[in-house]
Amino acid sequence: MVAKSTELTKRGFAQQLKGGVIMDVINAEQAKIAEEAGAVAVMALERVPADIRAQGGVARMSDPGLIQEIIEAVTIPVMAKARIGHFVEAQILEALKVDYIDESEVLTPADERHHINKREFRVPFVCGCRDIGEALRRIGEGASMIRTKGEAGTGNVVEAVRHARSVFGSIRQMTTMSPDELFAYAKDIQAPYDLVAEVAREGRLPVVNFAAGGIATPADAALMMQLGVDGVFVGSGIFKSGDPARRAKAIVEATTHYEDPRILAEVSKGLGEPMVGIEIDAIPRAELMAVRGW
Amino acid sequence: MSAKRIGVLALQGDFKEHAKMLREIGAEPVEVRRAEHLTDLDGLIIPGGESTAIGKLLVSYQLLEPMKQLISSGRPVWGTCAGLILLAKDIGGLQQPLLCALDVTVRRNAFGRQLDSFETDIPMPEVADEPLHAVFIRAPLVESVGDGVQVLGTLEDGTIVAVRQGNLLGTSFHPELTGDSRFHLYFLQMVESGSAAFSAAHG
């Protein structure tokens with residue numbers, strides 16, 4: 001008997017991406033540069049988060065034609081973003097046979113109360129989180145991979161660090177809780193009890209956990225890896241920099257050799273201009289992306 | 001007898017799952033990221049991951065030649081999924097760095113995209129008495145095998161998904177993800193009999 005789109009194939013696929021870098025690309029040419037640099041997958045989208053931030057307006061799923069072109073241009077997996085709660089965008093992305101859907105706060109949410117019921121889909125989903133409760137709610141809805149949100153399009157890693165520290169710190173606390181405390185904790189963080197108990201038992205999330213949002217340098221990528229994530233998403237950080245091909249390759253190498261400062265020093269040399277960063281406090285609250293979703 | 005030191009190529013992919021399996025069956029896993037990590041190994045596993053990404057890192061960090069030497073020294077080397085692609089002599093003309101060791105032609109992403117990933121049971125009498133549960137993720141398949149390559153497992157339609165050629169083992173599926181250690185035990189036996197043969201020849 002052959003079984004497709006099982007929990008094991010969905011979560012197992014994310015396992016194959018570990019230790020790797022997933023790069024935002026807006027056309028086939030960028031997708032090829034990313035593949036050549038050693039990306040494990042590309043995220044196909046119309047505008048990188050830095051431009052969404054600068055241009056404003058409603059950000060939606062990309063043109064299916066563009067996604068198709070990117071799928072045809074590379075042999076590595078292709079992911080694409082749907083708006084939070086926009087299950088029809090997700091249906092369209094599944095019909096395009098993208099390899100993963102990112103239900104993403106970088107796009108303008110389509111539903112202020114409900115995330116997509118991801119269990120209904122054959123294609124796997126990755127979702128963002130700021131803390132353990134949000135991560136487990138998304139997994140409960142069927143996400144097969146999690147990424148900490150960070151603050152996309154800023155080139156500032158501080159929010160990614162905050163979210164990763166929050167998730168890993170909570171997991172460490174959970175491993176020391178008694179069973180009665182775990183029931184109360186599940187209520188406090190508004191997460192399914194069974195998932196809370198599983199995380200407490202295993203000492204880690206049941207799915208792969210990448211970092212995202214604000215990673216702009218090889219050192220940023222290695223920092224997130226040392227904090228304990230399984231890999232990194234880099235959005236605006238590559239194609240908004242002075243020398244994308246070189247920076248992309250350096251971030252790939254830093255993600256592999258994240259514990260080797262000599263290699264990190266070597267790959268960080270002469271990369272040209274990084275993307276221009278934004279101080280988080282300088283962003284009006286209504287324009288923060290990480291607070292979208294719940 | 002001391003635990004066998006088995007390297008797991010740790011450039012990218014699910015190497016931690018292989019290391020965990022090896023620990024469970026009493027071997028000592030060694031993460032390999034640079035050439036010097038390849039010394040004093042009894043065997044090597046190349047995990048699943050993205051073969052293009054792993055291939056580029058193999059070149060950048062000068063690992064291809066030392067890994068070829070490890071293979072020609074007769075030490076057992078096993079590639080799963082991306083690892084099978086990297087071991088192959090021929091991947092149908094795609095331009096990627098390869099170890100060119102296993103005499104097979106492999107087709108990448110042969111079953112389609114992620115939506116076509118699947119799991120199934122496969123009888124592999126050479127490896128275990130009962131069928132093994134196998135998970136295929138954007139998996140490659142073996143299109144043809146050269147002389148001296150033994151087919152260990154096929155799908156019902158005859159598609160080749162597990163092969164052995166002397167000290168080389170290749171599977172297009174992921175035994176590291178199913179919690180079943182029989183395939184790792186089979187590889188450990190290859191490592192143990194390999195070192196026995198090595199001591200007999202050089203002892």
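The values are calculated or read from the model by the stated rules, or taken from the named source; none is laboratory data. In this text, all values refer to a predicted model and were calculated from it rather than measured experimentally. Glycine gets a Cβ as well: all are built from the backbone with ideal geometry, and neighbour counts include every protein chain shown. To get the accessible areas, we keep the full protein, side chains included, count just its heavy atoms, and leave off ligands, DNA and RNA. Shrake-Rupley method; radii C 1.70, N 1.55, O 1.52, S 1.80 Å.
Work out which helices of chain B, taken as complete DSSP H runs, extend at least 27 Å along their axis over the Cα atoms and score a mean Kyte-Doolittle of -1.0 or more, then list them.
Helix filter hits for chain B: B:182-202.
With the other protein chains left in place, how much accessible area per residue, in square angstrom, belongs to the range B:97-179 at a 1.4 angstrom probe?
With all protein chains present, the range B:97-179 gives 36 Å² per residue.
Each residue of the range B:98-107 in turn: what ³J(HN,Hα) in whole Hz from Karplus with 6.51, -1.76, 1.60 and θ = phi - 60°, glycine and Pro shown as x?
Once θ is set to phi - 60°, the couplings for the range B:98-107 become 9, 7, 6, 10, 8, 7, 9, 9, 10, 10 Hz.
Say a paramagnetic label sat at a point 7 Å from the Cα of A:Gln226, along Cα to Cβ; which residues of the range A:243-286 have their backbone N under 20 Å from it?
It comes to A:250-271, nothing else.
Which entries of A:Lys10/B:Lys56; A:Lys269/B:Lys68; B:Lys16/B:Lys56 show an alpha-carbon separation above 23 angstrom in the structure shown?
A:Lys10/B:Lys56; A:Lys269/B:Lys68
Under 15 Å between alpha carbons, and skipping anything fewer than 8 positions from A:Lys240 in its own chain: which aspartates and glutamates qualify?
In chain and number order, the partners are A:Asp24, A:Glu29, A:Glu46, A:Asp51, A:Glu273.
As a test of the definition: with a 1.4 Å probe, what buried accessible area, both sides summed, do you compute for A against B, in Å² to the nearest 100?
3300 Å²
Given a 1.4 Å probe, how much area per residue of chain A is accessible, in Å²?
40 Å²
Given the range A:1-140 reduced to its alpha-carbon atoms as identical point scatterers, what log10 I(q)/I(0) does the Debye formula return at q = 0.10, 0.12, 0.14, 0.16 Å⁻¹?
-0.32, -0.47, -0.65, -0.86
Find the centroid of the Cα atoms in the range B:145-174 and in the range A:232-275, then give the distance between the two in whole Å.
A separation of 38 Å, based on Cα centres.
Would you please give the residues with an amide H less than 5 Å from that of B:Val106, counting only those at least 5 places away or on a separate chain, with H modeled from the backbone geometry?
When sequence neighbours closer than 5 places are left aside, the close amide H contacts are B:Asp90, B:Ile91, B:Gly92, B:Glu143.
Hey, how many Å between the Cα centroid of the range A:146-216 and the Cα centroid of the range A:1-77?
Answer, in whole Å: 24.
With n ≥ 4 as the cut-off for DSSP H runs, can you work out [θ] at 222 nm for chain A, using -39500 (n - 2.57) per run divided by the number of residues, rounded to the nearest 500?
The helix-only estimate for chain A comes to -12500 deg cm²/dmol at 222 nm.
With the cut-off at 1.5 for a/c, could you classify the range A:171-261 from its C-alpha gyration tensor as rounded, prolate or oblate?
prolate
Below 18 Å, Cα to Cα, which lysines can B:Lys20 reach? Residues fewer than 8 away in the same chain don't count.
Result set, ordered by chain and number: A:Lys18, B:Lys4.
On the protein heavy atoms, probe 1.4 angstrom, tell me the percent of accessible surface of the range B:1-71 carried by carbon and sulfur.
Exposed carbon and sulfur together represent 49 percent of the surface.
Would you pull out the residues with amide H under 5 Å of A:Phe210's amide H, same chain only if 5 or more places away, H placed 1.01 Å from N?
Under 5 Å from the amide H of A:Phe210 lie the amide H atoms of A:Ile146, A:Arg147, A:Thr148, A:Asp230, each far enough along the sequence or on another chain.
Using the alpha carbon gyration tensor of chain B, what are the three equivalent-ellipsoid semi-axes (square root of 5 times each eigenvalue), largest first, in whole Å?
Square roots of five times the eigenvalues give 23, 20, 16 Å.
So if R0 is 51 Å, what FRET efficiency would B:Ala3 and A:Ala184 give, r being the distance between their Cβ atoms, rounded to the nearest 0.05?
About 0.75, to the nearest 0.05.
Report, as a whole number in µm² per second, the diffusion coefficient that Stokes-Einstein gives for the protein assembly as shown at 10 °C and 1.306 mPa s using the Kirkwood radius over alpha carbon pairs.
Value of D from the Cα-based Kirkwood radius: 69 µm²/s.
Whenever you get a sec, compute what percent of the accessible area on the range A:1-92 sits on carbon and sulfur atoms (1.4 Å probe).
In the range A:1-92, the share of accessible area belonging to carbon and sulfur is 52 percent.
Can you give me the distance in nm between label points at A:Asp281 and A:Ala3, each placed 7 Å from the Cα along the Cα-to-Cβ direction?
5.3 nm
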